[in-house]
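In what follows, a structure is listed as structure tokens, so that the remarks can point back to it.
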Amino acid sequence: MGVKVGIIMGSQSDWATMREAAQMLDELGVEYETRIVSAHRTPDRLWDYGKTAVARGLEVIIAGAGGAAHLPGMMASKTRLPVIGVPVQTRALSGVDSLYSILQMPRGFPVATMAIGSAGAANAGLMAAGILALGDPALAQRLDNWREALSASIPEEPRDE
Ligand code: RP5
């Protein structure tokens, strides 16, 4: 089976955040590819990626960007694959700019928008795995196990650190 998840990001500087999505997919045994695709700096690359995504066998795209974060929305306009958007935290506006840029899509072209920053990137990995698990019982079991392990790791009572 080929790679089903594409993790794309607007800049090398987004990788520190988007790596969390990749690590989650590693943990769950899901193959992925990673690419720098910028809506502003490499628009032709964005177009090609979106245009060929279905034919290449991708099933989910995770797209992270910061600031004027047009990458997830533009990708959603170019492919019918589910696009999961990750607002990267910015210095100037703490990622609220990224969040609003990704979240407020017009009717017809949805982006599943995660939380700002690393938690959002990790959750994007989980969301992608959840989508693929609908048609992959072995992955569904690994995801169930992962969720149970997380619950089991939470103590019932707080303690002094
Ligand atoms: C966006 O601009 C990228 O997604 C990144 O979050 C932000 C800053 O990019 P660099 O100037 O660090 O390359 O397009």
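Below is a table of values for the structure above.
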read-out: Average Cα contact separation per residue, segment 53-134, under 8 Å, 6 or more apart, as relative contact order %; value: 30 percent
read-out: Under 5 Å, built H, 5+ apart or other chain: amide partners of ILE62; value: GLY6, ILE7, ILE8, ILE84
read-out: P(r), alpha carbons of segment 5-152 - 5 Å bins starting at zero, rounded %; value: 2, 11, 21, 24, 20, 12, 7, 3, 0, 0
read-out: Likely footprinting exposure, ASP14, ASP48, ASP136, fewest C-beta neighbours within 10 Å first; value: ASP48, ASP136, ASP14
read-out: Relative contact order, percent, the chain [alpha-carbon distance under 8 Å, six or more residues apart]; value: 23 percent
read-out: Residue exposure sequence - THR34, THR17 - by fewest surrounding Cβ within 10 Å; value: THR34, THR17
read-out: Helix-only CD estimate at 222 nm, as mean residue ellipticity for the chain, using -39500 (n - 2.57) per DSSP H run (n ≥ 4); value: -13500 deg cm²/dmol
read-out: Theoretical gain in end-to-end length, ASP48 to ASP26 [0.36 nm per residue, Cα-Cα removed]; value: 5.3 nm
read-out: Among ALA65, ALA121, ALA92, residue whose mean-square fluctuation peaks in a GNM of the chain (springs only between Cα atoms under 10 Å); value: ALA92
read-out: For GLU33, GLU157, GLU148, order by how many other beta-carbon atoms lie within 10 Å, fewest first; value: GLU157, GLU148, GLU33
read-out: Nitroxide proxy distance, nm - points 7 Å out along Cα→Cβ at GLU157 and ASP136; value: 4.2 nm
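Every read-out reported here was derived from the displayed coordinates using simple, explicitly stated rules and does not represent laboratory data. From a predicted model like this one, the values you see are computed outputs, not experimental measurements. Don't worry about glycine lacking a Cβ; one is built from the backbone with ideal geometry, like all the others, and counts go over all protein chains shown.
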